[in-house]
Every structure is written in structure tokens, then in C-alpha cells.
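Presented below is the structure to which this report refers.
The values are calculated or read from the model by the stated rules, or taken from the named source; none is laboratory data. All of these numbers come straight from a predicted model, not from anything done at the bench. With ideal geometry, Cβ positions are generated from the backbone for all residues, glycine too; neighbour counts draw on all protein chains shown. Quick note on the areas: whole protein, heavy atoms, side chains included, nothing else; ligands and nucleic acids left out. Shrake-Rupley method; radii C 1.70, N 1.55, O 1.52, S 1.80 Å.
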4 protein chains.
Amino acid sequence: MQVTLVNYTPNPELTIVAAARSSASQSTIEELWHNLSPQQIDDLLKQLLDSGHLSPFEHSSFTFNIQGISRATSHQLVRHRLASYTQQSQRYVALKERRYVTPPTITKQADFLAKYQRAMESAHELYSQMLEANIPAEDARYVLPQAVETQLVMTMNARELVHACSLRLCLRAQWEIVELFERLKAEVERVAPRLGAELKPKCYRLGYCDERESCGIFPTLKSETKTK
Amino acid sequence: MQVTLVNYTPNPELTIVAAARSSASQSTIEELWHNLSPQQIDDLLKQLLDSGHLSPFEHSSFTFNIQGISRATSHQLVRHRLASYTQQSQRYVALKERRYVTPPTITKQADFLAKYQRAMESAHELYSQMLEANIPAEDARYVLPQAVETQLVMTMNARELVHACSLRLCLRAQWEIVELFERLKAEVERVAPRLGAELKPKCYRLGYCDERESCGIFPTLKSETKTK
Amino acid sequence: MQVTLVNYTPNPELTIVAAARSSASQSTIEELWHNLSPQQIDDLLKQLLDSGHLSPFEHSSFTFNIQGISRATSHQLVRHRLASYTQQSQRYVALKERRYVTPPTITKQADFLAKYQRAMESAHELYSQMLEANIPAEDARYVLPQAVETQLVMTMNARELVHACSLRLCLRAQWEIVELFERLKAEVERVAPRLGAELKPKCYRLGYCDERESCGIFPTLKSETKTK
Amino acid sequence: MQVTLVNYTPNPELTIVAAARSSASQSTIEELWHNLSPQQIDDLLKQLLDSGHLSPFEHSSFTFNIQGISRATSHQLVRHRLASYTQQSQRYVALKERRYVTPPTITKQADFLAKYQRAMESAHELYSQMLEANIPAEDARYVLPQAVETQLVMTMNARELVHACSLRLCLRAQWEIVELFERLKAEVERVAPRLGAELKPKCYRLGYCDERESCGIFPTLKSETKTK
């Protein structure tokens, strides 16, 4: 898996904070732009997140190149509807390289690993034969396993990144999508360390685990303490 | 493939038209509700579509049960972001039946068909073995082909149905998703014949084909006639 | 202010719960439809809300006629982007009746109330004069106060209703929009009492107040208990 | 009215085109990034627009500071739901300056202009008196006319800009929102001239006018030529 931040709104944290502040101010975003100290940016970012005032986070967007994830995972990823995706088409692009993802639970079992690899090879082999026989790529690909690698460009704004990370960095999410979001977070941290640090599982925000079973980091909340 | 309309906004066409009319009227939707003749509903529906005033079409929604489409196709389907999906999880549900979709181009070639069926069988066989060996379903499914059948519940409002049909009923779309949208259209037509009749490929609305090559129904537009 | 539920997805709670259950089941929504007891519907609805699995709530939608709210409030309302609105146009409809909203803080002060009413009257008077002088309604309305009444049709799905109520039933929201959402909630409760009961301010869900100052129902959370 | 582009995705046209091309290519967006000539960017941008393949346009976003538009117009503007807005709050900000917009149709009639200006003054005067009497700003503002100026930060991606301009640059749109979109277009043209040039009324794209009456630039389409 390879995740690269290829483009983003310059000064993403300042953009969020200056926009937010302009809504409760006589000043415009342009006037505020040059008058916010790093400390103020930091404080305001936290304040907005703590109070759930998330709409200003939409003003900053991040565009990633994502390569080498499985179609199983890309199918989950694109369910986040408040983002933009341009995925490599299996209709128009005939896959030449035989690339696929192997789950760690399979890697660990030597005999299944061998069977898994043979299954991948034979699926790709049949795919190639069908292409040669002029079966269209869009149909030949039906034989390809869900493990097959895909690549896509994704643009997500900071609000949706905060939301998606709250779900997908949860250890109950699927291992491959957890890894994907860890890499997305790392890329954001590189250029926007304060914002990147705020990309975390939902329990860190809630102060408790709202899943049926906790992974141990935060306890689940007894229902009686929550309702009044 | 099986598509059933399981629920929908009652009186979907009246809802759209009465809402639309209320915006340019002293009357409310409740007053208009009982004062629109079938002919007026028909005329207004066409007028709204012809002039591209589509937002009132959002007031009527349709909920479908969709079974027996491939994961290749469901991956495309869920890219329509202005709709709601609840798909059978391959993480929580271990597939028991070995059901998969076969593209017609493969059915037509007897020797590939046999190979295809064997590939499906052996992928499902390995999947079952892995489940028995306690590999989690969410990982075992990596070996399943993209042809594997899935089921999902989809709710789409009439505006997005008009839009999605304009793209997916185009004969240049992929055959399985064309068939899916033909069935969605047929189900809508059953309860809302006027609206259903308006679900058609984009060329019928544009009066020309905007794809690179036309399927023959409408000609492509020479660029010089379009720009001024 | 007058709020009427004019249409909605039949069996809205069953629709949500049956869709949700189909995602982790071998059964389809059609099979589950007839096999869920009222108690199960109730339990599942709560479970989904408690664990934040909200996407199935999108399968049920509610269409309201809203009359007699101020343009000040409708401007706020339409900021909820995940909903559909058809508002009476001040461009195409010349307002004949002089209807406006008066905030309680003004009603309480007799002398300001009189001035307020005179201001409303004279604004409407100038509006009428301009219309008679053939100034277009779309321009004449610039003189109308933000208190002026408007009517609109709104369709919102149950997920967005849960979200919007969590914000707008908070006592720190503006009084007129609080009243609007109380009426929306009452209308939903009429046909879907279990869902209606779950429309409540965010603090009831969080177990604490995340605003800067609490209204007293739930205490604010000391930041040290929330971060780890 | 003052419109300033305060931030945007760098290389917005290249971003769109490189993303689009990666979907039908063995190459990634990173590889394509450095291998597209200005001419190719130009051609591809046009091709995408002509064929209605608009989703790659979502990868580039533009953030504007908008000042001095009326609340009448901002109410219309925020109806474009696929964009992000942070508007100056009339709840938290007490307006100090008496700024308002005057429609040209009123400016032209000297006697109405005087009445209009007096109406604005007296509304602002009552507003100030109420603030002094400790009526909250959120209630005092009910007396302010819809002409009152507002400021907001808006982020819109290039796809929605293309769509919104297709509607709002139409001469049948309201004069103030036409002017707003002309200025938005001019700001985009400054940094992305090819994209900016493609921001135009829908008739330029359709080749005909789909409104009931044409402004004269393109004729309306006789219905018989459009249906088959």
C-alpha cells in the first residue's frame, strides 16, 4: 500500500481557523489571516473540535494518491460519500501486473498462504487468457479476486477526514482500512501537524467506547449513566 | 438479479408537483395537494424536467431491495453518492451459497464458461476451507471473485434516479448496471408511471449523444454547432 | 408558525431496522420485514443510535409543510444541506399579506413592540408602493425585514432529523429554530413514536454538554477527563 | 460587493486533468503530473466538460471571501448545498455599520430611492436602540431589512462552480447573484484561465435555452426536435 499527499489547500489550519473566527467577528477572513499566532491557531482548532463546530474544517481539502489497496477495501472506502474519488477503471484499463493484497491472517498460515497465492495466480491467468480471446476487460475482471490491487485519487476535506478517521482508526474496523487511514493521517501530519494530531478514533473524542465491545483503550459506557 | 421496490413515498408524482408549484404560489403544498388533476401533474412533471428544475424531485424517495448483482457492479453503484445504501457485509456474514454472476460474453464461449465456473467453484472452496480454519470471513473473502453476488438496500430520491438513469441506461454503460437500472426503472414505473417514463438515457434529454461514439440512437453533436 | 407532516415513508421505523438488520444477515429486507416484533424494532432502533450506526436511518424520509417562520430562521434552516427544500419564492410571488414574526424579547417590552410593529407596517407599505410602481418583486423585497414570514416544503431523512435535532433542540440554539424543531419532532412522534422520542439535544446522547456554557441539564466535561 | 479568492488548490487545472487521466491509465496521478503539456491540459479539460465527465473537477477547490452582498442573496447562495459556507453571524455579531444593498431598479427612481434610504436608516436606528435596551442581537436583527449586507467565506469545488455558474450566470437569475457569480468567475480566471473560461451559462453548454423564454443569446428548443 502506498499513500501520497499530492496536493492540498495551502495553510490548511490557518484557513479553517480564520474562516471560523470570521463568523463571530467584525473582521473578514482576509484581515484575520495575518493576525493569528500559531498558539491561537492551535487553541482555536481544539476549541472547534471539542465543541463540535466542524463546518469550518470543510474549507481545507487534501488530495491523495492511493495505490496498492484491495478492491475489497476500495469498495468500503468509497462509501464515505462526502469525498471525491477517481479510481482506475477495470473497464478501460486491462491489468497487466498481477498484484494483489494478502491479509496477515493468511500470511501466518503457510499452507493457506500457498493455496491463496495459487488461487491468485490462476485467477490472473484466466483473466489474461480471456483478454487474449477478446473478451472485454470489463467482463474478464469478474474472475479477478477482491484482493486485486487498485489505485485511486481521493480528495477529502478536513471535516470528513476527522469523521472518517473517527470510524476507521477504531481497532474494530477492518485491518486494511485501518492501515490506509493511518497512512492518510501520517500524510496530513506532515503538512498540518496540529490537524493531523486530531485525526483519532471516536473513543478519544467521546471519552468512552460506543461499540458493543471495547478494544480496551476506553471502557464502554453503561447505558444508565448516559440517559437521564 | 432481483430488484424489488420495498417502500416509497406515497403519491410520489403528486408530492413532486405540489411541492414545485407551492414555490411560485400563494398556496401551500397542502392546499395544492387536492387541486391538481392527473393532466396537470403530467404536464408539470414534464415542464420541470424540460427546464431542468429538478430540486422538487428530491421530495419523493424509493427504497429497493437489490439481490444477485456482482460486487463488481455494487462497487460502481455505490459511487452514486446522493443515495443511501445498506449492503450485506462480507465482514459479518459468511457466505454459504456459492452464487456468482456470469457475463454474457463468457456464457457465449463454451470453453471459457467451463473454466470460469471451475474458477468460481475453486475460489468458493478455498473460502470455505479458510472459514473452517478460523480465518475471519473479512479476510477469507479476499479470495472471492468480483463476480460474487451481493445484496443491498438502496434508497434513492427521484432527482437522483433521473440523473443516475441518464448515465446508466446509456448503452455505453456496463451491461450489468444497465440491466440493474432497467429493473429499477420498471419498478418505479409500476407505482409512478409518469415518472418512470422519464427515466431515460441522457441523449433523450439532450437531443444528441455527448459520448465520443454514439450507439446510433442519437448522433453526436459537431462541436461547432454547440459553441458560439 | 405551523408545521405539518404532509408525507413520509410508510412504516419508517420498520424500514430503518429491517434495512439495518439485512446488512449482517443472510436474510433480505423483504424477509425481515414481516419478522420483527415491535419490541425488536424498539431495541434495534436504540442499539443503532447508541452505537452511532446511523446510515440505515437514511431509508426513511419525512416531508413537512412549514409556514409562518421568519426569513431569518429559514436562512438558518437551509444550512442543513442534507435535506431538500422548496421555498416560496420572493422573486415570483408578490406577498399580499403583511405577516411577520415577533421575537418574545420584543413582545415583552411594550414600547419597543409598538415601534417594531410600525417598522413592519411601514416596510410592507413601501414594498406595496414599489410593486405598484412596477419595481419587480425580487427587488422590492429588499426593503422587507428579516422577520417577514415565509413558507417552505422540507424533506429530511431520519438520520439528518436525528442530527439536526441534536443541534437545534439545544437551548443555546435560537428560540425560533428551537420551536420549529420541537414541532418537527412532535409531527414525527405522531407517526413514529419510537423515532420521535429519539429526537433530542446532543447532550442527551453525549452524556455531557459540549458547549462553552451548559444550560444546566448536563454539565460540561472537564477536558482532562476526555483526553488520554 | 467585494469578492476575493483567498485560497485554492494549487495547480487546479492540472489536478483535475491528471486525476481524470489516471482513471483510464496504467499511470498514477503522480506520474502524469509532470507529463502533461499546457495544450493537453487545455484539450482534456474541454473534453471532460463536453462529455459531462465532471467528477474529476471535484479535486480542485476555491475559497472566496464574499463581502457586501445582501442577506436576500446570501439566502439564495447557500441553497447550493455542495459547497461550504461560514457566514458572519447576526446572532453573535452586533452590526455597527449601516450597510445595505440597493437594487438598480430602485436607484433609478429618485423618489423611491429616497424612501428606500430612509427605510434602511430607520430600520438600523431601531436595531441600535433595541441593542442598547439589551434586546439580544439575534432578536433585534428581525427588524433589519433583507437588503442588509453580510459577509461570508465560501469554498466551492470546480465541479460545483461549473454547475452553479451554469444556473447563476443565466440572465434570468437575479441581478445580484449574477453579479456575484461574474466576480467569482473573474477571480477563478485570474489563477485558472482555462477553467474560468468554462464557467458560463447553461445555454452555452446545451446549445439552446431551456428556460420558458430566451434572453436572446440562444433560442429555446422546440419540444418536437428533442423527443424521439
- Message: Restricting to region A:85-137, give me the number of residues that are open to solvent by less than 70 Å² (accessible area, probe 1.4 Å), free of Cβ contacts under 8 Å to residues at least 12 places away in the same chain, farther than 20 Å from A:GLU176 by Cβ and more than 9 Å from chain B (Cβ to nearest Cβ).
- Response: 3
- In this structure, is C:ILE106 among the hydrophobic types (A, V, I, L, M, F, W, C), part of a helix (DSSP H, G or I) and farther than 30 Å from B:ASN65 by Cβ? yes
- Message: So for region C:3-22 (the condition being open to solvent by 30 Å² or more (accessible area, probe 1.4 Å) and in contact with a Leu (Cβ under 6 Å, 6 or more places away or on another chain)), does at least one residue qualify?
- Response: yes
- Task: Please determine, by comparing only the residues of region D:48-68 that are open to solvent by 40 Å² or more (accessible area, probe 1.4 Å) and over 25 Å from A:ILE66 (Cα atoms), which one is nearest to the chain's Cα centre (by Cα).
- Result: D:GLN67
- Any residue at all in region B:187-195 that is within 30 Å of B:GLU13 (Cβ to Cβ), in a helix (DSSP H, G or I) and in contact with a His (Cβ under 7 Å, 6 or more places away or on another chain)? no
- Message: Within region D:61-94, take every residue that is assigned to a loop (DSSP other than H, G, I, E, B) and β-branched (Val, Ile, Thr) and give me the one that is nearest to D:LEU144 (Cα to Cα).
- Response: D:VAL93
- If we keep only residues of region B:89-107 that are of a type outside the set (Val, Ile, Thr) and at pLDDT 95 or above, then the residue nearest to A:ARG141 (Cα to Cα) is B:PRO103
- Note on the structure: Result of the Cβ filter at 7 Å on region B:143-169, keeping first residues that are free of Cβ contacts under 8 Å to residues at least 24 places away in the same chain and over 18 Å from B:LYS96 (Cβ atoms) and partners that are open to solvent by 10 Å² or more (accessible area, probe 1.4 Å) and of a type in the set (A, V, I, L, M, F, W, C), at least 6 apart or interchain, is B:ARG168/B:VAL178
- Between residues in region A:15-39 that are within 22 Å of D:ALA137 (Cβ to Cβ) and residues that are aromatic (Phe, Trp, Tyr) and open to solvent by 10 Å² or more (accessible area, probe 1.4 Å), which pairs lie under 6 Å by C-beta distance while being six or more apart or on different chains? A:ALA24/D:TYR92
- Note on the structure: Output for Cβ contacts, cut-off 7 Å, separation at least six or different chains, first residue at pLDDT 95 or above in region D:55-67, second aromatic (Phe, Trp, Tyr), reads D:SER61/D:TYR8; D:PHE62/D:TYR8; D:THR63/D:TYR8
- Message: When you check C:VAL153 against the structure, is it of a type in the set (A, V, I, L, M) and touching a His at 6+ places or on another chain (Cβ under 7 Å), yes or no?
- Response: yes
- Item | Meets criteria (hydroxyl-bearing (Ser, Thr, Tyr), open to solvent by less than 50 Å² (accessible area, probe 1.4 Å) and at pLDDT 95 or above) for C:SER166 | yes
- Checked region B:145-154 for anything within 13 Å of chain A (Cβ to nearest Cβ) and buried (at least 21 other Cβ atoms within 10 Å of the Cβ); matches are B:PRO145, B:GLN146, B:ALA147, B:VAL148, B:THR150, B:LEU152, B:MET154
- Message: Residue under question is B:SER25, and the condition is that it be within 14 Å of chain C (Cβ to nearest Cβ), crowded, with 16+ Cβ neighbours inside 10 Å and closer than 16 Å to C:GLN87 by Cα; does it hold?
- Response: yes
- Query: Restricting to region D:34-60, what's the tally of residues that are part of a helix (DSSP H, G or I) and more than 7 Å from chain A (Cβ to nearest Cβ)?
  - Reply: 14
- Message: Checking the conditions here, which among B:LEU152, B:LEU169, B:LEU199 is within 24 Å of C:ALA18 (Cα to Cα) and touching a helix residue (DSSP H, G or I) at 6+ places or on another chain (Cβ under 7 Å)?
- Response: B:LEU152
- Query: Restricting to region C:176-221, what's the tally of residues that are acidic (Asp, Glu) and more than 14 Å from chain A (Cβ to nearest Cβ)?
  - Reply: 5
- Within region D:169-186, the count of residues that are open to solvent by 20 Å² or more (accessible area, probe 1.4 Å) and outside any loop (DSSP other than H, G, I, E, B) comes to 6
- Sort out which residues of region A:103-158 are small (Gly, Ala, Ser) and over 30 Å from the mean Cα position of the chain (by Cα), and write them in order of number. A:ALA110, A:ALA114, A:SER122, A:SER128, A:ALA133
- For region C:187-204, enumerate the residues that are open to solvent by 50 Å² or more (accessible area, probe 1.4 Å) and in contact (Cβ under 8 Å) with a residue 60 or more places away in the chain. C:ARG190, C:ARG194
- Message: Suppose we filter C:ARG159, C:ARG141 for residues that are within 14 Å of chain B (Cβ to nearest Cβ) and in a helix (DSSP H, G or I); which single one remains?
- Response: C:ARG159
- Task: Give me a count of the residues in region B:69-80 that are open to solvent by less than 10 Å² (accessible area, probe 1.4 Å), within 14 Å of chain C (Cβ to nearest Cβ) and of a type outside the set (Ser, Thr, Tyr).
- Result: 2
